[in-house]
Structure formats: structure tokens, C-alpha cells
Ligand code: NZQ
Ligand code: ZN
């Protein structure tokens, strides 16, 4: 196992009715800014629950944060916070609202151009405190330090990470996700699954606990995903999916093991350039990525084949091929298409992505730092 530091201070309030308990988590004299997206929280009752939990508190609102949150919108919130002297943020929504809030939290005290935090990896040395009420299980943003922001003007989607943007607390009430359309539930299952694969499907470093935790999350997603799609009001199935998504990217399964993340890096370009949902990009890229890099990942692919899919017959090559096919079929079975052509994207996107990667210095991705432009080209060609 590799050396690691594990730190995760996020307090989780999980389960039915937990939104009612947020007042105790926010200082009584705080000037709160409640941030949300396009309005789903107003139609599913979450907005009312938050307002009633915080009755009597000093609370201002900022709505309209888009999916794949736009820098341009987030900077308006930064201005409002500075003007109004807001000192606590409350993100209410999916990963986009949470990520947007993390960026805002870091941008408010930042001296220069806040886009530099993502574009130039400018260090974050301070951030505002914030809490979260999560309404979409997928990203793990509720319990991690990552934030992904899109600069609309240039169609660039970049991320930053800082321990200063851990939420102080996150509420996970599965009932607040019952209103999700099937597409977003499907997306959440695929995103969480791929988060596990980025941390698990690399090479063995004798870390059986991390491996078996990862395999458990994958198997739970495979078992519970179809249940929660078939019956969106099934509380237990949704609770299990929600907990899987959090556990998939809160640092635990990735501690002490090599990590890949090239599927995500390629996927972010497809969202930025073609507007695919985040999870749609992953469903397209992951099966091809595993196929192109199957030789160096063979040991883990065989383990995955056996332990997650029960594939024990056939040659090693056959088992690996079947495990990758099962992965693709699972994504398709939960409703996320797996080819670029399904989204009307042609292979003419490849040189554009390669050029962007070269400009940004993304020329040595993956657990072995061997995912260079040539490999990315092969992966994307296979995505057709
Ligand atoms: O904007 P509203 O009206 O709230 O509608 C949203 C949005 O249209 C809707 N929605 C959310 N909760 C709902 C609901 N509709 C009905 N009922 C509810 N309970 O769902 C739509 C999508 O929301 P969004 O927040 O964009 O989805 P998701 O949670 O999948 O977040 C995606 C973003 O997170 C980033 C992605 O790149 C993308 O920008 N990621 C963040 C990560 C992290 N912080 O660690 C890691 C991930 O790999 C990912 O990159
Ligand atoms: Zn993701």
C-alpha cells in the first residue's frame, strides 16, 4: 500500500427529515446566503423545508446556478456576498450547486482573478464556511474537496481541489431525491460507478481493504440501481444509492492506492465542447479506455471480472473482454448510452480535444502517466 494522509471532517446528517436539523449546524448570528439551481427545490418541497428549518435567521438567496456551473454566474454571487457581508453559505441542490458554492467560497477571499484558481492552479489560502443540502446522489461533492466549474465564454471545464472547501456539514435525505427525473438517477449511478473505477481499476498494490470496499460499492450500485429506477419512491433503494455515491468519492477507497482519472479528464472536454451530461461522457469513455489500456490493467480487470461480475470461465483475454462488455451493458441497462454517435458527436472532436490537452499540459494522464495524446486519440476513436 502507498503512504497516505486521510482527512475528512464533513459531518453528515443522513436520512428522512434531516433538513429540519440544519439550524443547529449554522452559527445563530450568521448572515446566510442560500444558493440553489434552476428551481427543482421549489417544486419538490426542499426549499420550503430549508426555509422553515431556518425561520428567524438572516437569510438571503441566490438561485439560477446551472448544471455544469458557469463561472460567469458564480461571480455574480461573489459580488453579492462581498456587498452584503454574507458570512455563511448554504448550497441546496445537486453537484453543480455544491461545486459552484465551493468555488464561490474560495473566490470571495481570493485577491486576484478567481478563475486562476482553476486555470493556473493558484493556491486557495482561505475560504468561506458553508454547508450543503444534497438533492442528487452522484458526485460525492457533499463529502469531498473537489469543484468543477465551466467558463462559458471559452467553453472550458476545469476543476480545483482544496481541503478548505470541505462542507462543514451535508444533509442527505433520500426523500429529497424522489423528484429526480430518471435521466438524473441514471447519471448518478454511472458517475458513482466510474468514480470507483477510477480509483480501483488501476494496478494492485496489496490493498485488499480498499479493493473490497470498492467492489462492494460497485456490486451495490449494480443491485440497487435498477431497483431505484423501477421504483423512485423506494426509500431503501434510494438511500443505498445515495450512500454509495458519497462513499465512492469521499477519499476512503482511494487512500493508499494508485488512481487513474483519465476517463474524467476526457469526459470534461466532451461536456465543455458538446454539452453532454457529465455521466454520459463517462459512459462513453470508460469502456473504450479500459479496452485500449487493458494490458497494463489486466491484473485488476481479471479481479474485477471475477469478483464483481462472477466471470471465472474462459481465457484471461476472454474474461477481460467480457468484464468490459458487462460494464458497457450495465451503463446501457440503466439508461445511459455509451457511444459518441448516440449523442451526435463525430470523431472530428478528437483533434480539438488533443490540442486542448496539449495546451494545458495534460499529456501524461492515468495511474502510469502513460495516457498521452496518442492513447487519448485511440480511446476516443473507439468511442465512436
Ligand atoms: O438546477 P435544478 O433546478 O436544481 O435542477 C437540477 C439539474 O437540472 C436537477 N435536480 C437536482 N436535484 C433534483 C433535480 N431535479 C429534480 N429533483 C431533484 N431532487 O438535476 C439536474 C442536474 O443537476 P447537477 O447538479 O448538474 O447534477 P450532478 O449532481 O450530476 O452534478 C454534475 C456536476 O458535478 C461535477 C460534474 O462535472 C458536473 O459539473 N462533478 C463534481 C465532482 C466533485 N465535486 O467531486 C466529481 C464529479 O466527477 C463531477 O465532475
Ligand atoms: Zn464524475
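Below is a table of values for the structure above.
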item: Average Cα contact separation per residue, the chain, under 8 Å, 6 or more apart, as relative contact order %; result: 16 percent
item: Rounded tilt (10° steps) of 373-382 against the dominant C-alpha axis of the chain; result: 80 degrees
item: Ranked packing of 260-272, 90-102, 294-306, 30-42, most packed first, by mean Cβ within 10 Å; result: 90-102, 260-272, 30-42, 294-306
item: Contact order normalised by residue count of segment 63-186, Cα under 8 Å, 6+ apart, percent; result: 28 percent
item: Calculated P(r) tail over 15 Å for segment 294-343, as whole % of Cα pairs; result: 47 percent
item: Hull-based mean projected area of the chain, where the convex hull spans the alpha carbons, in square nanometres; result: 17.8 nm²
item: As computed over segment 1-158, the Cα convex hull volume per residue (Å³); result: 137 Å³
item: Between segment 73-93 and segment 185-213, the alpha-carbon center distance in angstrom; result: 34 Å
item: Ellipticity estimate at 222 nm from DSSP helix runs (n ≥ 4, -39,500 (n - 2.57)) divided over the chain, nearest 500; result: -14500 deg cm²/dmol
item: Neighbour-count ranking [beta-carbon atoms within 10 angstrom, fewest first] of 205, 376, 50, 171; result: 205, 50, 376, 171
item: By average C-beta atoms within 10 angstrom, highest first, the peptides 159-165, 230-236; result: 159-165, 230-236
item: Pairwise Cα inverse-distance average, inverted: Kirkwood Rh of segment 325-384 (Å); result: 12.8 Å
item: Sorted by Cβ density within 10 Å, fewest first, the residues 176, 52, 288; result: 52, 288, 176
item: Acute angle (nearest 10 degrees) that the helix 262-274 long axis makes with the longest principal axis of the chain, alpha-carbon atoms; result: 60 degrees
item: Footprinting exposure proxy for 209, 340 (fewest neighbouring C-beta atoms within 10 Å first); result: 209, 340
item: Nearest-ten-degree value, helix 316-333 long axis tilted from longest Cα axis of the chain; result: 40 degrees
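Here, each number is a calculation from the coordinates, and none is a lab measurement. Bear in mind that the values here come from a model prediction, so they are computed numbers and not experimental data. As a convention, Cβ positions derive from the backbone with ideal geometry for all residues, glycine included, and neighbour counts pool all protein chains shown.
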